[in-house]
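None of the figures in this text is laboratory data; all of them are computed from the coordinates on show. Quick caveat, the model's predicted, so the values are computed rather than measured. Using ideal geometry, Cβ is built from the backbone for each residue, glycine included, and neighbour counts are taken over all protein chains shown.
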Amino acid sequence: MSKRSLISLAVVTAAVAGVVCAQQFPILDAVANKVVQKYQSSSCEQLWEKKGQPKGPEEQRIIGMLKSDAAMRTEFLNRVAGPIANKMFECGMIP
């Protein structure tokens, strides 16, 4: 198999996997986007203040779903980890 064919196959596989995940977890996309938007639009001071506060009922429900479904949790973390980690680094919340 040529290098071009392998690259094409990888791109198609990644695209199909993305569509399958989106269909498997339809609400996940909205939740992940909301979380990323929250971190990107919050100041460092706001994030520090919210860090110790208790979670609301909606957040608790979503956390429960993520705890009970490993595949959903993996997909969620894959979507939000980068933006959250970057913001936390900028704010001095992680080394």
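Quick rundown of the values:
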quantity: FRET efficiency, D69 to Q40 (Cβ-Cβ, R0 30 Å, nearest 0.05); calculated: 0.70
quantity: Stretchable slack from L77 to I27, in nm (0.36 nm times residue separation minus alpha-carbon distance); calculated: 16.6 nm
quantity: Neighbour-count ranking [beta-carbon atoms within 10 angstrom, fewest first] of S42, S68; calculated: S68, S42
quantity: Size descriptor, Kirkwood hydrodynamic radius, that averages inverse alpha-carbon separations across segment 26-90, Å; calculated: 12.6 Å
quantity: Dipole magnitude (debye, nearest 20) for segment 26-90, charges at Cβ of Lys, Arg, Asp, Glu; calculated: 100 debye
